Amino acid sequence: MDLSTYFSPTLQQNAVVLTVILAFVSYLATYLSAQVLARRKDKLDLVNRRLNEFYGPLYVASQAGNIAYRSLLNKQGKTQSFPILDSEMKEWVLWMTTIFMPLNDVREKIIIEKAYLVVEEQMPHCLLDFVTHVVGYKAVLAKWAEGDYSERRSTIGWPPEFDVYVERSYAALKAKQTRLLHGALWRLWQRISRRKQR
């Protein structure tokens, strides 16, 4: 009896082994692809939440506040609100109570209630400075409600880097959202299209 016939692979045995290997490779590719897609979906979900619940509303409220502020300055023929003259006080109180503070309240609420959506590991100081600025104005408005107009502005100044931070963060998240929504082929097509336009 020749033992080599038992141990030498036949064509049929080779086909079975190849089929098992191909099935395993296919399963592995499917599994890895599913993992990549799941990670991408999780990243997109987080970016969407940050945009929808934090940076988007913060951006819109900030832009509206800036437009309103510039509009008031244009109306008064000024380039900055300080100093607030006695003749401008009635107008300033009206704009603060009906436009600026409601927008500040919206932004303050977003920052306080949705702080877990901040991109950075540490809370940016400009956000904390903004909340402190708003708190200062709440004290001023409480005095105004009692008829005391001796203070005209918050004792805590507006953080100049706040608007820059909000705009930059919003733009970065929108770009990340676009990258996650569109796959690598779309990005490659965009690069090729840009080069052709040059």
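At a glance:
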| read-out | value |
| --- | --- |
| Filter result for LEU127 (in a helix (DSSP H, G or I), under 28 Å from ASP45 (Cβ atoms) and in contact (Cβ under 8 Å) with a residue 24 or more places away in the chain) | yes |
| Matching option when the condition is more than 30 Å from VAL36 (Cα to Cα), in contact with a Lys or Arg (Cβ under 8 Å, 6 or more places away or on another chain) and part of a helix (DSSP H, G or I), among VAL140, VAL164 | VAL140 |
| Options LYS114, LYS109: the member that is closer than 30 Å to LEU173 by Cβ, crowded, with 16+ Cβ neighbours inside 10 Å and of a type in the set (Lys, Arg) | LYS114 |
| From ALA171, ALA175, residue being assigned to a helix (DSSP H, G or I), loosely packed, with under 12 Cβ neighbours inside 10 Å, of a type in the set (A, V, I, L, M) and without any contact (Cβ under 8 Å) to a residue 60 or more places away in the chain | ALA175 |
| From the options THR155, THR178, residue that is farther than 19 Å from TYR55 by Cα and either under 13 Å from the mean Cα position of the chain (by Cα) or among the β-branched types (Val, Ile, Thr) (or both) | THR155 |
| Check on THR79, part of a helix (DSSP H, G or I) and hydroxyl-bearing (Ser, Thr, Tyr) | no |
| Number of positions in region 87-116 that are under 17 Å from the mean Cα position of the chain (by Cα) and in a helix (DSSP H, G or I) | 10 |
| Test result for ILE84, in contact (Cβ under 8 Å) with a residue 24 or more places away in the chain, buried (at least 16 other Cβ atoms within 10 Å of the Cβ), outside any helix (DSSP H, G or I) and not polar (S, T, N, Q) | yes |
| First in region 21-37 and surrounded by fewer than 10 Cβ atoms within 10 Å (Cβ to Cβ), second anywhere and among the aromatic types (Phe, Trp, Tyr), Cβ under 6 Å, 6 or more apart | none |
| Qualifying residue in region 151-158 (condition: part of a helix (DSSP H, G or I) and either without any contact (Cβ under 8 Å) to a residue 40 or more places away in the chain or surrounded by fewer than 16 Cβ atoms within 10 Å (Cβ to Cβ) (or both)) | no |
| Out of ARG39, ARG49, ARG70, ARG107, sole residue that is among the charged types (D, E, K, R) and over 30 Å from LEU181 (Cα atoms) | ARG70 |
| Failed condition for ASN74, given (1) under 30 Å from LEU128 (Cα atoms); (2) surrounded by 14 or more Cβ atoms within 10 Å (Cβ to Cβ); (3) polar (S, T, N, Q); (4) without any contact (Cβ under 8 Å) to a residue 24 or more places away in the chain | (2) |
| Answer from VAL135, VAL119 - the residue that is within 17 Å of the chain's Cα centre (by Cα), surrounded by fewer than 17 Cβ atoms within 10 Å (Cβ to Cβ), among the β-branched types (Val, Ile, Thr) and at negative phi | VAL119 |
| Qualifying residue in region 43-66 (condition: under 28 Å from the mean Cα position of the chain (by Cα), assigned to a helix (DSSP H, G or I) and farther than 25 Å from GLU120 by Cβ) | no |
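Read-outs: derived from the displayed coordinates by stated rules, not from any lab. Small disclaimer: the values here were computed from a predicted structure and weren't measured. So basically every Cβ, Gly included, is an ideal-geometry build from the backbone, and we count neighbours across all protein chains shown.
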